[in-house]
Amino acid sequence: MLLLAAGAARAQPPEEQVPVFRAGVALVRVDAQVVGKNGQPLAGLRQEDFLVEDEGQAQRIAYFGRESDPLDVLLLLDVSGSMRKSLEELAGAAHAALRALHPQDRAAVMLFSRRTEVAQDFTAQTAALEQALRSALREGRLGAGTLLNPCLREAARFMADQPVRGRRAILVVTDNEGLNYQSPDEEVIDQLLAADTVLNALVVRNSKPSKPRTIVNPDFTPANVFGIAEATGGEALAARAGSAFAPLLERMRTRYLLQYPAPQAEAGAFRRIRVDLSPAARQRYPGARVRARSGYSLRAASSGPSPQSPPP
């Protein structure tokens, strides 16, 4: 859910029934990360340090939070044959990595190769999550090869079905190999934005770099988890699974949450947004970079879970 609706669309005569969402009726949620010149996240920023534009128009931030907001994170694990060693490293690092989660946070585990399977539904129990990560080493029923984009779309649908509690994210662990058939990146990005979910990626480094492919059929596209993560405001890191799992999960936990009143617009419209630092914050942190979603679709308001009030 990109919008936390607090009211219904404006009533109109049947011949003019076009859903319109009024400013102040709903809040647009933006999950943002700020990193310095060294690539490390910047902590301690305040609401006045941020500027938000919606279709080029400055917006008033109605709510600002950081670690106080609960996090729901889906651990999406590539279980194709080339991933076994990396999954072993990930399972070995799980106990330490999961300590980054706060008591109010939840995580789930989904496995994928050619199709997906939920190994553990959302829970705050770290022991259950560790067991699900170990089970990934024994998974062999999800088909040969990797269909990354279709499986990311399944993960986005899974997140869209969850009640909105706070911030929502997916951490996909993959080697970023394989081809997608008739599943362009734009469709994946659209579903992730509609599910109010930031995609983060841990791309494991292979000992043998893959050779460049020549794609003849436009129905087939190479995996591009880096571009998808960037469009949703997430972070994609190429590293060894064992060493990167804990710091990446910690950075996901400490992102900023901004909300602003939704501008009046027709349902179904895609709106571009931009999040930046204020001039004063830019002076304090020259070269800083803000990661945030590229936009949102108002149709999420009419198809998401039950309306909720903004956080206090």
Inset, instruction - Using the structure shown, decide if residue 108 is out of contact with any Asp or Glu (no Cβ under 6 Å at 6 or more places or on another chain) and either closer than 15 Å to residue 252 by Cβ or assigned by TED's automatic domain parsing to the domain that holds residue 165 (or both). - result: no
Legend entry - Those residues of region 235-254 which are among the polar types (S, T, N, Q) and either farther than 15 Å from residue 291 by Cα or surrounded by 16 or more Cβ atoms within 10 Å (Cβ to Cβ) (or both), in sequence order: 243
Inset, instruction - Output the residue which, of all residues in region 255-286 that are part of a loop (DSSP other than H, G, I, E, B) and of a type in the set (A, V, I, L, M), is surrounded by the most Cβ atoms within 10 Å (Cβ to Cβ). - result: 262
Inset, instruction - Tell me, please, whether a residue that is farther than 30 Å from residue 187 by Cα and touching a Leu at 6+ places or on another chain (Cβ under 8 Å) can be found in region 65-81. - result: no
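Looking at residue 158, is it aromatic (Phe, Trp, Tyr) and without any contact (Cβ under 8 Å) to a residue 60 or more places away in the chain?
no
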Inset, instruction - Sort out which residues of region 79-112 are farther than 19 Å from residue 141 by Cβ and hydroxyl-bearing (Ser, Thr, Tyr), and write them in order of number. - result: 86
Legend entry - Any pair with Cβ under 9 angstrom, 6 or more apart, that starts in region 73-101 at a residue that is without any contact (Cβ under 8 Å) to a residue 60 or more places away in the chain and ends at one that is of a type in the set (Lys, Arg) and surrounded by fewer than 17 Cβ atoms within 10 Å (Cβ to Cβ): 91/134
Inset, instruction - Filter region 177-195 down to residues that are at pLDDT below 90 and part of a loop (DSSP other than H, G, I, E, B), then give me how many there are. - result: 5
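The values are calculated or read from the model by the stated rules, or taken from the named source; none is laboratory data. Remember, it's a predicted structure, so these values are computed and weren't measured experimentally. In this analysis, Cβ positions are derived from the backbone assuming ideal geometry, glycine residues included, and neighbour counts consider all displayed protein chains.
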